[in-house]
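Engineer: Okay, handing you the structure first.
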Amino acid sequence: MTSPHLPRREFLGLALAGAAVPEGGARYVHPRRVLLWECTRKEFREALEEGRLRVVVLPTGSTEQHNEHLAMIQDTASATLLAQQAALRLYPHVMVATPVPVGISPYWMDRKGTLTLRRETFLAVVYEICESLATHGVRAILILNGHGGNDAPLKESLPEFRQKLGIRLEAHSYWEAYTPAMAKQYLASARIPGHAAEFETSFALAAFPERVRWEGVDYEKVKARLGIKDPKSAAEDELFAREARLATAAKGELLIAIALQWLVGRLRAMMEA
Ligand SMILES: [Zn+2]
């Protein structure tokens, strides 16, 4: 109900001046403020200099096939979403660095669209991002991984990275938040993470439903020409496509909340160390 006689900025100014400050510490933080790549150098420098910024989260993911119905950015988007939500809860002490959007996925190359990096290329990119942050004075980094193929290489490299960088450095895949009991309790398939199955599809339905596209998907019809060479992998692809139909946004919301709580806990521990 903006008055046509009042310029918009003035109207907002008046509205804000008269607004009551909510009690109980509730506040609004623009979601972009916790993303390093959306900050100016001034904002980032001041956060460091004033000691506000304590931990940086570096999401690592993939750009890879996620069966017939999920967008290929799933793993990168999931890790980034959790990192951003956790950083907002811990604002202004945590910031999210630019995600690494391609991972180690050679085993999906027989399915169209997958991009993959060699192990050493991926690790070099991750290391050099951490090195950049350390050069600026960041003393603690949590690598939050969203793609299975990156998990072991990251963890195997941690001792070397830590030694070279001299900072606190951790690497976790976000599904470490879930116990086998949780998978059983919350998912009909009892499978976490699986691949583009019930878990990831539920996550996407809750977090970014526009990336779940069932329209025109007919697995039976395309099955014979998918060209998956390994019979075991072909059978799994089909099983996961079936399990994905069990996904709901409600399951996704619940599982995201669990991962978020877990991640906030890890970050708090790093902040206090
Ligand atoms: Zn995935």
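Each value in this text was obtained by applying a stated rule to the coordinates, not by laboratory testing. Worth saying up front: this structure is predicted, and the values here are computed from it rather than measured. Methodologically, a virtual Cβ is constructed for each residue, glycine included, from the backbone with ideal geometry; neighbour enumeration extends over all protein chains shown.
Engineer: In the range 201-273, what chymotrypsin sites (Phe, Trp or Tyr not before Pro) fall in a loop by DSSP, with at most 15 other Cβ atoms inside 10 Å?
Structural biologist: Numbers: sites: 203, 214, 219, 240, 262; in loops: 214.
For chymotrypsin sites (Phe, Trp or Tyr not before Pro) across the range 201-273 that sit outside H, G, I, E and B with at most 15 neighbouring Cβ atoms in 10 Å, the list reads 214.
Engineer: Let me check the size of the chain from its C-alpha atoms; what are the radius of gyration and Dmax in Å?
Structural biologist: Reported Rg and Dmax, both Å: 21.1, 70.
Engineer: Amide H of residue 58 versus every other amide H placed in the peptide plane: which residues, excluding those fewer than 5 positions away on the same chain, fall under 5 Å?
Structural biologist: 97, 142, 143, 144
Engineer: Determine, for each peptide in 45-51, 243-249, 76-82, the mean count of other beta carbons within 10 angstrom over its residues, then list the peptides with the highest first. Don't skip to the answer; put the middle values down first.
Structural biologist: Values: 45-51: 12.9, 243-249: 19.6, 76-82: 24.3.
Highest to lowest by the protection proxy: 76-82, 243-249, 45-51.
Engineer: To continue, here is another question. Determine, for each peptide in 157-164, 85-92, the mean count of other beta carbons within 10 angstrom over its residues, then list the peptides with the highest first. Please report the intermediate quantities before stating the final value.
Structural biologist: Numbers: 157-164: 13.6, 85-92: 19.4.
Averaged packing, sorted descending, gives the order 85-92, 157-164.
Engineer: Convert each backbone phi in the range 162-170 into a coupling constant with the Karplus relation 6.51 cos²θ - 1.76 cosθ + 1.60 (shift: θ = phi - 60°), then list the ³J(HN,Hα) values in order as whole Hz, x for Gly and Pro.
Structural biologist: Once θ is set to phi - 60°, the couplings for the range 162-170 become 4, 5, 6, 8, x, 10, 6, 9, 10 Hz.
Engineer: Then there is this: Give me a comma-separated list of calculated 3J(HN,Hα) values for the range 84-93, in order, Karplus coefficients 6.51, -1.76, 1.60 applied at θ = phi - 60°, integers in Hz, x for any Gly or Pro.
Structural biologist: Once θ is set to phi - 60°, the couplings for the range 84-93 become 5, 5, 5, 5, 5, 5, 9, 3, x, 8 Hz.
Engineer: On to the next question. Could you work out the relative contact order of the chain, using alpha carbon pairs under 8 angstrom and six or more residues apart, expressed as a whole percent?
Structural biologist: RCO, the chain: 19 percent.
Engineer: Using each residue's phi in the range 97-112, evaluate 6.51 cos²θ - 1.76 cosθ + 1.60 at θ = phi - 60° and report the 3J(HN,Hα) Karplus result to the nearest Hz, with x for Gly and Pro.
Structural biologist: Along the range 97-112, the couplings run 7, 4, x, 8, x, 10, x, 9, 9, x, 6, 9, 5, 7, 10, 4 Hz.
Engineer: Within the chain, what is the number of lysine pairs with alpha carbons under 30 Å apart, leaving out pairs fewer than eight places apart on the same chain?
Structural biologist: 21
Engineer: 222 nm [θ] for the chain, helices only, -39500 (n - 2.57) per DSSP H run of 4+, per residue, to 500?
Structural biologist: -15000 deg cm²/dmol
Engineer: Next question, about the same structure. Taking square-rooted eigenvalues a ≥ b ≥ c of the alpha carbon gyration tensor, is the range 139-199 rounded, prolate or oblate, where a/c under 1.5 means rounded and, failing that, a/b exceeding b/c means prolate?
Structural biologist: Note, shape of the range 139-199 comes out prolate.
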